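Encoded as structure tokens, the structure appears first; notes follow it.
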Amino acid sequence: MSKRAAAFISWLFHPLLFPTYGVLFIIAANPHLFAIYPIKAQLLWGIIIFVFTFLCPIIWLFMMKRLELISDFKMENANDRIIPYIAVASFYMWMFKLFKPTTEFTPYSNQIISLMMLGASFSIFIGFFINIFKKISIHAIAAGGFVGLVLCLMRMSDYDLKFFLVFSVLLAGLIGTARIISSDTKENEVWAGYLAGFIGQFFSFTLVQMILGS
């Protein structure tokens, strides 16, 4: 893989895009659960997730760069990642709260999407803690979280998702390889990211769902 191709893959599968990819996958993997919602409502979910988990954090990063709170957008320095971790986790928790089912019906209530966003928040907090001691690949956190999401949905969906599982694992490997080639990311940082992402989704869909009794 060339360095240019690795950089393109890193851009195409930017960590902040994975919540949007996750929502699209959730809807595609569970069409029977979303048949009651019009297409416009499903598109609105995707747009809301995209705006608040990609556009808003990107704008926040630009503001931090202008205020010289971070040295560059690549954030190769672990100290540069502290405030972005907190900011991104805040947006993710906001989306968890928005989609969390309540006693009153809202157009945004969806347990699966809310659990995905909660799992992503857990992964960010794990990454934040690890970042105190050593750098961790944020791309790998997102990729590992996607693998965890697919695995968790396999036991919830009425459809065979084995193809999606194989695809997610191969995609995670591709992204990890691209990060090693296109940046100074080390292999152990990638594996740590995979683990953090997977644990976040597993914890959300297994333990939290068990505690909530659903």
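What follows draws every value from the coordinates through simple rules; no lab data is involved. The structure displayed is predicted, hence computed values, not measured ones. Counting neighbours? That spans all protein chains shown, and the Cβs are built from the backbone with ideal geometry, glycine included.
Note the per residue figure in Å³ for the convex hull of the C-alpha positions in the range 3-209. Before the final figure, lay out each step's value.
Working: hull volume 24.8 nm³, N = 207.
Hull volume normalised by residue count: 120 Å³.
Would you calculate, for the chain, the mean residue ellipticity at 222 nm contributed by helices, counting each DSSP H stretch of 4 or more residues as -39,500 (n - 2.57) and dividing by all residues, to the nearest 500? Present the calculation step by step, with values, prior to reporting the outcome.
Working: 11 runs with 148 residues, N = 214.
Value at 222 nm, helices only, nearest 500: -22000 deg cm²/dmol.
Among the lysines in the chain, how many pairs, 8 or more places apart or on different chains, have alpha carbons under 13 Å apart? All intermediate terms of the calculation are to be shown ahead of the outcome.
On the way: LYS65/LYS74; LYS74/LYS135; LYS134/LYS186; LYS135/LYS186.
Lysine pairs meeting the criterion: 4.
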How many Å³ per residue does the convex hull of the Cα positions in the range 119-214 occupy? 77 Å³
Only loop residues by DSSP count here, and only those with at most 15 other Cβ atoms within 10 Å; note down the trypsin sites (Lys or Arg not before Pro) in the range 160-197 that meet that. LYS186
Assuming R0 = 22 Å, can you tell me the calculated FRET efficiency for the pair ILE59 and SER90, based on Cβ-Cβ distance, to the nearest 0.05? 0.95
Rough spin-label spacing in nm, given labels placed 7 Å along Cα→Cβ, for VAL169 and ILE47: 3.8 nm
Answer with one residue from PHE54, LEU98, ALA192: the one whose Cα lies farthest towards the positive end of the charge dipole of the chain, charges on Cβ with Lys, Arg +1 and Asp, Glu -1. PHE54
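Where the only charges are on Cβ atoms (+1 Lys, Arg; -1 Asp, Glu), what is the dipole of the chain about its Cα centre, to the nearest 20 debye? Let's see the in-between values first.
Details: 15 positive and 10 negative charges, 39 e Å.
Using only the charged Cβ atoms, the result is roughly 180 debye.
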